[in-house]
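Here's the structure, in structure tokens; my notes come after.
The values are calculated or read from the model by the stated rules, or taken from the named source; none is laboratory data. Just so it is clear, the model here is predicted, and its values are computed rather than measured. We place every Cβ from the backbone using ideal geometry, glycine too, and count neighbours over all the protein chains shown.
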Amino acid sequence: MDGQLVPVRGVGSLGGTLIALATGYGLARFDFPGRNAIFACVVGSFLIPIALLTLPLYLLFSALGMVDTPWAMLIPCLINPFSVYLAKVYTEATIPYELLEAARIDGAGELRIFFSIVLRMMTTGGATVFLLAFVNTWNAFFLPLTVLRGKENWTLNLGLYNWTGTRLESGIDLTGLVLTGALLSIVPMAIMMVAMRRYWRTGVTLGALK
């Protein structure tokens, strides 16, 4: 249970972070028609509760034949409007126009600027976006409950929920196991918090040096 989806969550959170940073950078440092309208849509979309999107996502994945597959969890991880908003705000505060223009004058292409300069300067923001995305994906409940059917694909939250239902149906008290599972469920997030700490420290130090 949940073993197959653990790497999916990590890959989804990492891919979603990269997409969010690229989108936020584009909205913050490129001037193109409709930019303000796109940003307004981004802000409006992350105000919509995920519970309201569960049924439309289920219908979409059902039509594509992705129900009860890791893709049903991976694809939603890649798109997070709130992460795009954070990336845009952090780009505006961290990446100066003059640095980008200097890199373009030196002959650097846009992809090289993004991967060689922008991502390195956005370490702190990227770490924050990744951690929030990972926590949000790890704690997801309604979407996995809807799109995952087989027990072998269940997340830890769904397993704990099933144990609670087993208690009501069979009369077996699994409260101890549920509480233990709930406690263990925060271990990966704690590990991730400790692992990402050095990136925050690096970003704060870089900002102080500037």
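Filtering the stretch 76-116 to residues that are among the hydrophobic types (A, V, I, L, M, F, W, C), under 16 Å from the mean Cα position of the chain (by Cα) and closer than 14 Å to Phe39 by Cβ leaves Phe82, Val84, Leu86, Ala87. Annotation note: Cβ proximity below 8 Å between a residue of the stretch 4-17 that is part of a helix (DSSP H, G or I) and a residue that is at pLDDT below 70 (sequence gap 6+ or interchain) occurs for Leu5/Asn153.
Hey, could you check the stretch 18-62 for residues that are modelled with pLDDT under 85 and not in a helix (DSSP H, G or I) and say which is surrounded by the most Cβ atoms within 10 Å (Cβ to Cβ)? Looking at residues that are modelled with pLDDT under 85 and not in a helix (DSSP H, G or I), I get Phe46. Of all residues in the stretch 115-137, none satisfies the criterion of being buried (at least 20 other Cβ atoms within 10 Å of the Cβ), farther than 15 Å from Met196 by Cα and of a type in the set (Phe, Trp, Tyr). Taken over the stretch 95-122, the residue count meeting the criterion of being over 22 Å from Thr17 (Cα atoms) and part of a helix (DSSP H, G or I) is 8. In the stretch 141-157, the residues that are at pLDDT below 75 never reach a residue that is in a helix (DSSP H, G or I) and among the basic types (Lys, Arg) with C-beta atoms less than 8 angstrom apart, at least six apart or across chains.
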